[in-house]
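Please read the structure below before turning to the comments.
The values are calculated or read from the model by the stated rules, or taken from the named source; none is laboratory data. Keep in mind that what you see is a predicted model, and the values were worked out from it rather than measured. Reconstructed Cβ throughout: ideal geometry from the backbone, glycine too, with neighbour counts over all protein chains shown. Accessible surface is based on the protein model in full, side chains and every heavy atom, while ligands, DNA and RNA are left aside. Shrake-Rupley method; radii C 1.70, N 1.55, O 1.52, S 1.80 Å.
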Amino acid sequence: MAGGIKVAVSPAVGPGSWGWGAGDGGAMRLFLVFSGCLVCGSAGIDVNVIMLQESRVYSMSTSQQFCYKNVLVPKWHDIWTRIQIRVNSSTLVRVTQVDNEEKLKELEQFSIWNFFSSFLKEKLNDTYINVGLYSTKTCLKVEIIEDAKYSVIVTRRFDPKLFLIFLLGLMLFFCGDLLSRSQVFYYSTGMSVGIVASLLIIIFILSKFMPRKSPIYVILVGGWSFSLYLIQLVFKNLQEIWRCYWQYLLSYILTVGFMSFAVCYKYGPLENERSINLLTWTLQLMGLGFMYSGIQIPHIALAIIIIALCTKNLEYPIQWLYITYRKMCKATEKPVPPRLLTEEEYRIQGEVETRRALEELREFCNSPDCSAWKTISRIQSPKRFADFVEGSFHLTPNEVSVHEQEYGLGSIIAQDEEATSEEEEEDSGSQHLIATQNNFLT
């Protein structure tokens with residue numbers, strides 16, 4: 001084996017000197033020699049690595065190793081930029097991603113872990129590998145199962161999915177309190193969870209009927225893992241499933257969605273304030289997580305999260321500062337005398353308030369809280385009171401005329417004439433006094 005450990009056994013050394021049959025010591029030596037033969041050193045392994053460049057297509061027909069080195073420093077406008085390595089093949093290929101060339105050399109050598117992991121890795125004909133903006137180097141190995149041609153390309157572009165994830169995080173964070181009280185959000189979320197995680201819900205319900213300390217829990221744990229694997233597999237092949245089996249998928253969505261709606265309708269939306277607060281905080285934490293995962297530059301993501309937290313809770317400090325400022329202004333400014341009403345404003349305000357008070361009195365008299373017999377026994381004219389309650393005017397024509405004479409337009413003219421006559425008398429008296437003084441002086 002190339003690059004392996006060579007073990008030289010002298011002919012003069014027999015089995016007894018190595019101790020193959022000497023119990024545990026011989027077994028240990030056998031294990032060490034076997035491990036040395038399996039795990040080969042990487043010093044002697046030469047790996048032919050092709051360095052990838054952006055926007056350049058590499059067409060291959062054999063198994064090959066590739067590496068991509070990111071030399072550009074991320075800028076602030078790269079917050080929604082994604083670097084992807086796409087491997088597209090006509091048949092199924094196995095793609096393994098590692099960090100550097102040393103890891104590629106380790107893949108070339110035989111080991112128990114590499115042997116078993118090769119069976120677990122999924123084989124696809126179209127594979128996308130995401131590369132971090134701050135990742136200096138990313139390597140991958142493409143293994144073909146049968147004769148096939150494949151292409152490898154590196155792209156750097158704006159990813160709308162990252163932008164949508166960021167917007168979803170903003171919505172959950174700032175509208176979490178409204179969504180937690182919304183019935184539409186409650187039913188839609190319940191139906192979505194029921195459709196996506198129906199297998200998990202069935203396993204959870206079955207676990208309630210299982211006896212404690214039962215070996216069936218081992219099967220349930222495996223069922224949880226198997227359900228998660230199936231959910232991941234369905235989402236990866238959702239387009240193909242919908243194209244080939246859309247009737248079954250539509251029937252499943254309608255059936256499970258109706259059952260989920262029925263369960264949500266039975267229990268109803270959240271009414272306890274503490275439960276609503278817990279749901280609100282959960283949605284806000286999920287929103288912060290989506291905001292962080294939707295931005296490719298970590299320090300910008302943290303800055304936006306801090307700004308969002310300050311903006312969300314900024315109304316309380318601003319309100320406190322505004323109240324403090326108002327109190328300080330009131331303490332320092334001079335008291336302003338209140339503006340007096342004019343005579344016309346005083347009359348209009350009196351009519352409006354009187355009309356409002358009469359309507360309130362009429363509503364109270366018609367309400368069950370008013371004791372009609374007790375009220376009638378205390379007034380002098382029960383018939384006039386009954387007419388007022390039914391909607392008649394509260395004054396008689398005689399009272400209206402007297403009011404107009406005393407407080408109406410006629411009284412105002414009379415008051416003006418009286419004031420004018422008094423001024424004329426004062427003027428005539430003053431002129432008479434001046435003439436008397438002049439005669440006396442002469």
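Within segment 73-104, if we keep just the residues that are farther than 19 Å from ASP147 by Cα and over 35 Å from the mean Cα position of the chain (by Cα), the residue that is surrounded by the most Cβ atoms within 10 Å (Cβ to Cβ) turns out to be LEU104. Would you call LYS266 of a type in the set (Lys, Arg) and in contact (Cβ under 8 Å) with a residue 40 or more places away in the chain? No, not satisfied.
Only residues that are hydroxyl-bearing (Ser, Thr, Tyr), closer than 13 Å to TYR150 by Cα and assigned to a strand (DSSP E or B) were counted across segment 54-72, and they come to 2.
Taking residues in segment 351-372 that are over 14 Å from ASP387 (Cβ atoms), and partners anywhere that are assigned to a helix (DSSP H, G or I) and open to solvent by 60 Å² or more (accessible area, probe 1.4 Å), the pairs with Cβ atoms closer than 6 Å and at least 6 places apart or on different chains are CYS370/PHE364.
Yes/no per residue for (1) open to solvent by less than 70 Å² (accessible area, probe 1.4 Å); (2) of a type in the set (A, V, I, L, M); (3) not in a helix (DSSP H, G or I):
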{"residue": "GLU143", "(1), (2), (3)": "yes, no, yes"}
{"residue": "GLU146", "(1), (2), (3)": "no, no, yes"}
{"residue": "THR155", "(1), (2), (3)": "yes, no, yes"}
{"residue": "GLY169", "(1), (2), (3)": "yes, no, no"}
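Any residue at all in segment 204-213 that is modelled with pLDDT of 75 or more and either more than 26 Å from LEU279 (Cα to Cα) or open to solvent by 70 Å² or more (accessible area, probe 1.4 Å) (or both)? No, every residue in segment 204-213 fails to be modelled with pLDDT of 75 or more and either more than 26 Å from LEU279 (Cα to Cα) or open to solvent by 70 Å² or more (accessible area, probe 1.4 Å) (or both).
In segment 288-302, is there at least one residue being open to solvent by less than 80 Å² (accessible area, probe 1.4 Å), part of a helix (DSSP H, G or I), more than 30 Å from VAL73 (Cβ to Cβ) and modelled with pLDDT of 90 or more? So far as segment 288-302 goes, no, none of its residues is open to solvent by less than 80 Å² (accessible area, probe 1.4 Å), part of a helix (DSSP H, G or I), more than 30 Å from VAL73 (Cβ to Cβ) and modelled with pLDDT of 90 or more.
Taking each residue of segment 235-255 that is free of Cβ contacts under 8 Å to residues at least 12 places away in the same chain and looking for partners that are of a type in the set (Lys, Arg) and open to solvent by 80 Å² or more (accessible area, probe 1.4 Å) with beta-carbon atoms closer than 8 Å, six or more apart or interchain, yields nothing.
Selection of segment 186-197 for residues being out of contact with any Pro (no Cβ under 9 Å at 6 or more places or on another chain) and surrounded by fewer than 18 Cβ atoms within 10 Å (Cβ to Cβ) yields SER188, THR189, SER192, VAL193, ILE195, VAL196, ALA197. Here is a check on your reading of the model: is ASN130 on the phi < 0 side of the Ramachandran plot, modelled with pLDDT under 80 and either assigned to a loop (DSSP other than H, G, I, E, B) or among the polar types (S, T, N, Q) (or both)? Here the answer is no, as ASN130 does not meet what is asked. Figure legend. Inter-residue proximity from segment 135-158: first residues among the acidic types (Asp, Glu), second residues open to solvent by 70 Å² or more (accessible area, probe 1.4 Å), beta-carbon distance below 9 Å, spacing 6+ or different chains. Indicated pairs: GLU143/LYS123; GLU146/LEU92. Cβ-Cβ distance below 6 Å, separation of 6 or more or different chains: which pairs start in segment 278-303 with a residue that is among the polar types (S, T, N, Q) and end on one that is open to solvent by less than 40 Å² (accessible area, probe 1.4 Å) and assigned to a helix (DSSP H, G or I)? Within 6 Å, the pairs are THR280/GLY176; GLN284/PHE173; GLN284/GLY176. Of all positions in segment 171-190, none carries a residue that is in a helix (DSSP H, G or I), hydrophobic (A, V, I, L, M, F, W, C) and at pLDDT below 70.
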